[in-house]
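Working notes, beginning with the structure itself.
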Amino acid sequence: MLYTLYEAGYAAAQPWRLAALAARDFWSSPLNPMRETELARGLYAASDLFANLTRRYGKPAWGIDLVEIEGKPVRVRPELAWSTPWVRLLRFARDEGDLAAAGRTTAAPKVLIVAPLSGHYATLLRGTVRTFLQDHDVYITDWSNAREVPLAAGGFDFHDYIDHVRDMLGVLGPRPHVVAVCQPGPAVLAAASLMAEDNDPNRPASITVMGSPIDARLSPTVPNRLAEERPFAWFESNLIYTVPPPHPGAGRRVYPGFVQLAGFMSMNLEKHQDAHRRYLLHMMEGDGDSAEKHLEFYDEYLSVLDLSEEFYLQTIDEVFQRYLLPKGELMHRGRTVRPELITDVGLLTVEGENDDISGIGQTRAAHDICTGLPAELKEDYVQPHVGHYGVFNGRRFDSEIYPRVREFIRRTDHAFDTTRA
């Protein structure tokens with residue numbers, strides 16, 4: 001019912017949005033003699049803000065066409081490497097001629113960036129992809145919006161996620177590298193554990209886990225406490241809704257992205273209110289650059305996707321309430337997941353000092369359960385002065401975190417395959 005009401009509210013707001021767009025165009029028109037007055041600038045800014053807040057935020061474009069390597073421009077094109085109804089595995093292929101011109105003539109390490117399936121599109125990691133493209137052959141998981149997946153495609157749960165990660169590593173081939181950003185950490189470790197037990201030739205050469213709830217019992221944050229304090233039945237009864245028509249996934253039970261977004265925004269409501277007030281002031285003052293940065297951020301932040309009922313509820317149950325992986329009790333397709341069997345995979349964990357989503361120690365716990373790894377294959381790093389998103393994006397990521405990840409990948413790449421550059 002809530003989903004239907006949400007769609008009805010969106011439809012009801014459209015006449016007002018059209019009016020706001022008309023007002024915005026009127027007050028900004030070069031033919032309007034009052035255009036440069038303070039009143040006109042204020043009405044234009046208010047109309048623009050209302051129009052943006054009431055529009056439909058679809059999936060953002062990747063927009064990665066060019067990267068700079070060794071001071072040279074290198075063209076990039078996204079390619080579909082593999083897909084199911086639930087994910088598109090994208091490879092960002094760098095132009096070979098441009099790479100040669102930049103002095104890069106040897107094969108780069110293959111890196112699979114496993115994006116979180118937690119409410120936002122994988123494009124949230126656009127900056128992460130750009131940075132990794134400087135030195136790597138980059139693949140990323142582009143997860144599907146559950147409301148766009150027809151019922152005929154079947155369900156998708158936490159264990160399907162693990163299978164998908166393993167299958168995608170197989171697409172990359174022998175000994176690729178994996179970067180798990182936030183939510184996928186437990187699933188990636190589970191997949192690697194199963195591959196290690198099977199001596200799978202496509203098991204990772206290294207795993208970098210960033211800001212992830214490997215053991216959510218440690219340094220619990222507000223989301224962790226919510227998951228722990230509420231009974232499982234509460235999540236099932238209050239957060240799962242049926243997708244209405246005309247979406248392709250009509251009839252599917254989901255955890256709606258707009259519910260997740262409301263929860264995240266409520267955690268920092270004053271911060272978001274201040275951001276929109278500053279946007280109004282920038283628009284009124286004619287500060288287009290600052291206003292554009294605001295729009296770029298919220299175009300991404302307000303674009304959300306739905307999670308399948310089974311995936312969301314299993315994640316709550318197995319990761320945030322029963323903590324099965326760190327307790328050694330996680331079962332996958334009838335098999336016990338045994339991280340201690342990982343013996344020849346580099347493990348780097350990265351945490352943010354001010355992370356309010358995955359508290360300090362939750363990610364580092366990966367080292368405690370991967371007891372079969374020698375010390376030289378383990379590394380832990382806590383980045384000062386960054387929150388959750390700063391762990392994988394932004395200035396400090398580019399200048400302080402990424403160089404550590406790059407060196408770790410390079411070191412393990414040579415350790416397990418000295419024929420690679």
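No value in this document is a laboratory result; all are computed from the given coordinates. Quick caveat, the model's predicted, so the values are computed rather than measured. Note: ideal-geometry Cβ built from the backbone for every residue, glycine included; neighbour counts use all protein chains shown.
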Under 10 Å, Cα contacts only: if you run a Gaussian network model on the chain, which one of GLY346, GLY328, GLY97 comes out with the highest mean-square fluctuation? GLY97
Select from GLY185, PRO245, SER266 the residue farthest towards the positive end of the dipole of region 154-279; place +1 on Cβ of Lys and Arg, -1 on Cβ of Asp and Glu, and compute about the Cα centre. SER266
Distance from the Cα centre of region 163-242 to that of region 1-67, in angstrom? 38
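To the nearest 0.05, what FRET efficiency results for LEU5 and THR84 with a Förster distance of 35 Å applied to their C-beta separation? Intermediate results must be reported in sequence, preceding the final value.
On the way: r = 32 Å, r/R0 = 0.90.
According to the calculation, E is roughly 0.65.
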Placing +1 on each Lys and Arg Cβ and -1 on each Asp and Glu Cβ in the chain, then taking the dipole about the Cα centre, the residue among GLY361, PRO213, PHE158 whose Cα reaches farthest towards the positive end is PHE158
Using θ = phi - 60° and Karplus 6.51 cos²θ - 1.76 cosθ + 1.60, couplings along region 363-371 (whole Hz; Gly, Pro as x): 7, 4, 4, 4, 5, 5, 9, 8, 6
State the Cα centre-to-centre distance between region 272-318 and region 101-117 in whole Å. 29
If you put +1 on each Lys and Arg Cβ and -1 on each Asp and Glu Cβ, how big is the dipole of the chain around its Cα centre, in Debye rounded to 20? 420
Could you work out how far apart the two model spin labels at ASP289 and LEU151 are, taking each label as a point 7 Å from the Cα in the direction of the beta carbon, and quote it in nm? 5.4
Sorted on mean Cβ neighbours within 10 Å (highest first), peptides 311-323, 22-34, 333-345 come out as 311-323, 333-345, 22-34
When all C-alpha to C-alpha distances in the chain are sorted into bins of 10 Å, what percent of pairs does each bin hold, rounded to whole numbers? 4, 20, 30, 25, 14, 5, 1, 0
Net charge of Cβ neighbours under 14 Å - reference LEU151; Lys, Arg +1; Asp, Glu -1: -1
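List the GluC sites (Glu not before Pro) within region 1-78 that DSSP assigns to loop and that have no more than 13 neighbouring Cβ atoms inside 10 Å.
Hits after loop and neighbour filter: GLU36, GLU70.
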Contour excess over end-to-end distance, with Cα ends at ARG77 and GLU400 and 0.36 nm allotted per residue: 113.6 nm
All alpha-carbon distances of region 1-56, grouped into 5 Å bins from 0, give the whole-percent distribution 4, 22, 23, 17, 13, 9, 6, 4, 2, 1
When the Debye formula is applied to the Cα atoms of region 100-223, each taken as the same point scatterer, what base-10 log of I(q)/I(0) results at q = 0.15, 0.16 Å⁻¹? -0.76, -0.85
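If you add up the charges near ALA196, with Lys and Arg at +1 and Asp and Glu at -1, over every other residue whose beta carbon is less than 11 angstrom from its beta carbon, what do you get?
Values: positive: ARG203, ARG338; negative: GLU197, ASP198, ASP200, GLU340, ASP344.
Overall, the nearby charge balance is -3.
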Tell me the angle of helix 185-197 to the major Cα principal axis of the chain, expressed in degrees between 0 and 90 and rounded to the nearest ten. 20
Work out from phi, with θ = phi - 60° and the Karplus expression 6.51 cos²θ - 1.76 cosθ + 1.60, the ³J(HN,Hα) of each residue of region 387-393, listed in order in whole Hz, and give x for Gly and Pro. x, 4, 6, x, 5, 10, 7
R0 of 41 Å, Cβ-Cβ distance MET265-GLU376: FRET efficiency to nearest 0.05: 0.40
Excluding residues fewer than 8 places away in the same chain, name every one of the lysines whose C-alpha is closer than 20 Å to that of LYS271. LYS293
With labels modelled as points extended 7 Å from the Cα through the Cβ direction, what inter-label distance (nm, one decimal) is found for TRP16 paired with LYS327? 4.7
Charge sum, other residues only, whose C-beta stays under 12 Å from THR54's C-beta, Lys/Arg counted +1 and Asp/Glu -1: +2
Which of PRO326, PRO256, PRO73 ends up with the largest GNM mean-square fluctuation for the chain, with Cα atoms connected below 10 Å? PRO73
Can you pull the one-decimal nm distance between simple spin-label points at PHE297 and ASP368, each 7 Å off the Cα toward Cβ? 3.4
Is there a quick way to get the dipole size of region 1-56? I mean about its Cα centre, with the Cβ of Lys and Arg at +1 and of Asp and Glu at -1; what is the value in debye to the nearest 20? 100
Taking 0.36 nm per residue of separation between GLU407 and SER237 and subtracting their Cα-Cα distance, the length gained on full extension comes to 56.5 nm
